[in-house]
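Quick note: the coordinates plus some simple rules give every number you see, no bench work behind them. These numbers come from a predicted model, not from an experiment. A quick note on method: Cβ atoms are made from the backbone with ideal geometry, for glycine too, and the neighbour counts reach across all protein chains shown.
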2 protein chains.
Amino acid sequence: MISVVVIGSGNVANHLILAFCENKSIDLVQVYSRKSTFFPDCLSNSKITHDLSHLVEADVYIIAVSDNAIAEVSSKLPFENKLVVHTSGSMPMEILDNKNQQGVFYPLQTFSKEKEIEFSKVPICIEATNEKDLQLLNNLASKVVDKVYSISSEQRKSLHIAAVFVSNFVNHLYKIGNDICIEKNVPFEILKPLIEETADKINFLSPSKAQTGPAKRQDTKTIEEHLNSIKDENQKEIYKLLTQSIINHG
Amino acid sequence: MISVVVIGSGNVANHLILAFCENKSIDLVQVYSRKSTFFPDCLSNSKITHDLSHLVEADVYIIAVSDNAIAEVSSKLPFENKLVVHTSGSMPMEILDNKNQQGVFYPLQTFSKEKEIEFSKVPICIEATNEKDLQLLNNLASKVVDKVYSISSEQRKSLHIAAVFVSNFVNHLYKIGNDICIEKNVPFEILKPLIEETADKINFLSPSKAQTGPAKRQDTKTIEEHLNSIKDENQKEIYKLLTQSIINHG
C-alpha cells in the first residue's frame, strides 16, 4: 500500500483525489488546501487540513497547485528527505525545494471541474532523481492509469508546448467555429461529427496524411472566397496564417 | 425506392457509392467517372460508365466532383428538367446549369480513402429550389444518415468556413504537435487521450467554458517560456497569434 498526501484543491488535485479515493491499494492519508473548499465526496473531512505544519507521514507528497506557487509551497513543507513531486507540465523538477527528494507526477489531460473524465485513460509522465523514487512513482501511477511514461524535464516541457497546440489552441478553433455558426444561425452541432472524426482519424493516419481541405489542395479560389466572407479581422488573420502554414509545411 | 446516379470518383463519390450500395431502399442505377478508376466492391462493373451521353434515367443525379468542375459537368449533362445536385460545401447551388432542377447534397465530413467512417453519423446538408425536390433529397439522405439539415447556400458557405477551422486547421495543429514530439523524441501517442478528450469535452461544455491552458489563465510567464523554447519561426507565429486570440476573444 502506497500512502499519499495531496497538496492543493484545483482541478488536477481534485481529479487525483478522486482517482486515489476510489483505489483500494492506495492510502490517501491527507489532503491540504490553503482555504476551505469543495472536495470529492469520497474524501472524509477528517483527512483535510489547512495547516502545512499538520501534515502527516506519507510515501509521496503530491503538490498540485498553480505553477507559480510550487516553489513556495515546497519550501514551506515542515520535513526533509521525503519524496515530494509536482504535477506541472511546464515546470522543471528542480523548482521543488531540494531539502526533499524531487520528482514529477504529471497527468497529461485537460481537466475541468464540470466534465468527468475516465482517469484510467490519462497518461501520467513521471520523473525522479533516482531509480527507487522513479519506481515508487511508477507503481503509484500504474495503480490509477493504463499508461505511465518516464520523461525528462526537457521532454516534458516540449510535450507541454505540443499539448497547448493540440488541445488549448484546438479548443480555441472550436470556439471560432462556434462563433461563425452563431453569427449565421447554423446549429454548431452539425460540426460535431466532423470534430470527432478529425480527432479519431489520427489514430489511423499521421496528421500529414490526414490533412484535407482547401489549403491542402491549394485551392486558391475557395481560400479567397473564404477570406472575402470572413468579416472578423482576428478570424481572418488566423485563417491566413494557418492556410499559409498548411501550404508551406502541411 | 429512390433511383440515383453518382457522377464522380473521388473520396466523397466513393463514400456515397458505398452508403447507397449497402442500402436496400436506394437504387444506385449508375456511376459515371471520367476515366477508369477503383470503386467499392459492391458496385457491379455494368453500372459504371465513362460517357456522359450514356447516362440513364434516375430520380436524382449527384455530381460529386471537384468544386471547379461542377459547372462544366452540369452543363454537359445530356438531359433537362431533372433533379441535379452537387456535394460541395463552398459552391452555391446556382453554379449548377439551370437547364435542370438545382439542389445540394453536402455530407459534412472529412473523407480520406484510407480511413473508414460510420457514414450514418455524417450530417447531410440539403438545399433545393422547391419543396418537392427538398423532400426527395430529405428522403434520400434520411435513408443513409441520422441527421439531415436544410441549409441555405449562404449558411452552407459559413458552415464550410467553420469546418475549415474545426477540422482542417485543427488537424494542422495536430501535425505541429507531432512535429514537436518527433523533434524531442517523445511519443506522440502520449497526446492522443488529450486530443480525444478535447474533442469530447465540447459535447458537454461550450468551447468558451472548455478553454484551459496558459493563455486562458493569462499565465504570461509560461507563455514567455514556451516562446523562448520554440525555435521554428512558423510555430512561434502561430503560438503568438492563437495565444493573443484566446486572451482577447477566448
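Could you compute the FRET efficiency for B:Asn248 and B:Ser3, with r as their C-beta to C-beta distance and R0 at 45 Å, rounded to 0.05?
0.25
Count, for each residue of A:102-114, the Cβ atoms from other chains sitting within 10 Å of its Cβ, then give me the mean as a whole number. List each step's numbers first, then the result.
Working: counts 0, 0, 0, 0, 0, 1, 4, 6, 11, 2, 8, 0, 5.
Taking all residues of A:102-114 together, the mean is 3.
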Counting pairs of alpha carbon atoms under 8 Å apart in space and at least six apart in sequence, what relative contact order in percent does the range B:2-151 give? 20
Hey, in the GNM for chain A with a 10 angstrom Cα cutoff, which one of A:Val56, A:Val186, A:Val12 fluctuates hardest? A:Val186
A:Gln101 long-range amide H proximity, modeled H, under 5 Å: A:Asn81, A:Lys82, A:Leu83, A:Val84
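Antiparallel versus total DSSP beta bridges in the range A:2-151: what percent is that, nearest 5? Mind showing how you got there, number by number?
On the way: 5 of 28 bridges.
In the range A:2-151, DSSP labels about 20 percent of beta bridges as antiparallel.
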Can you list, shortest first in nanometers, how far B:Glu116 lies from the same residue in the other copies, with each label 7 Å from Cα toward Cβ? 3.1
Just A:Ser74, A:Ser153, A:Ser112 to compare: in a GNM of chain A, with alpha carbon springs under 10 Å, which one fluctuates most? A:Ser112
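Find out how many positive minus negative residues lie around A:Pro193, taking Lys and Arg as positive, Asp and Glu as negative, among other residues whose Cβ is under 11 Å from that of A:Pro193. List each step's numbers first, then the result.
Numbers: positive: A:Lys192, B:Lys121, B:Lys147; negative: A:Glu189, A:Glu196, A:Glu197, A:Asp200, B:Glu118, B:Asp146.
Local charge sum for A:Pro193: -3.
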Once normalised by the length of chain A, the mean sequence separation of its alpha carbon contacts under 8 Å that are 6 or more apart gives a contact order in percent of 12
Nearest-0.05 FRET efficiency for A:Ser120 and B:Ser150, computed from C-beta distance (R0 45 Å): 0.60
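Tally the DSSP beta bridges in chain B and give the antiparallel ones as a percent, rounded to 5.
Details: 5 of 28 bridges.
So the antiparallel bridges in chain B amount to around 20 percent.
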How far is helix B:233-249 tilted off the main Cα axis of chain B, in degrees rounded to 10, range 0 to 90? 90
What FRET efficiency, computed as 1/(1 + (r/R0)^6) with R0 = 22 Å and r the Cβ-Cβ distance, is obtained for A:Asn98 and A:Asn138, rounded to the nearest 0.05? 0.50
Percent antiparallel among DSSP beta bridges confined to the protein assembly as shown, nearest 5, equals 20
Cysteines, chain B, no other Cys beta-carbon under 4.7 Å: B:Cys125, B:Cys181
Would you mind checking the tilt of helix B:220-229 against the longest principal axis of the Cα atoms of chain B, expressed as 0 to 90 degrees and rounded to 10? 80
Between their Cα atoms, which of B:Lys82/B:Lys157; A:Lys143/B:Lys236; A:Lys184/B:Lys35; B:Lys115/B:Lys221; A:Lys236/B:Lys35 are more than 30 Å away from each other? A:Lys143/B:Lys236; A:Lys184/B:Lys35; B:Lys115/B:Lys221; A:Lys236/B:Lys35
Quick one: if you stick a label point 7 Å off each Cα along the C-beta vector at A:Leu205 and A:Ser46, how many nm between them? 5.8
Which of B:Arg156, B:Arg34, B:Arg217 fluctuates most in a GNM of chain B (C-alpha springs under 10 Å)? That residue is B:Arg217
Nearest 10 degrees is fine. How inclined is helix B:170-184 to the longest principal axis of chain B, computing both from alpha carbons? 50
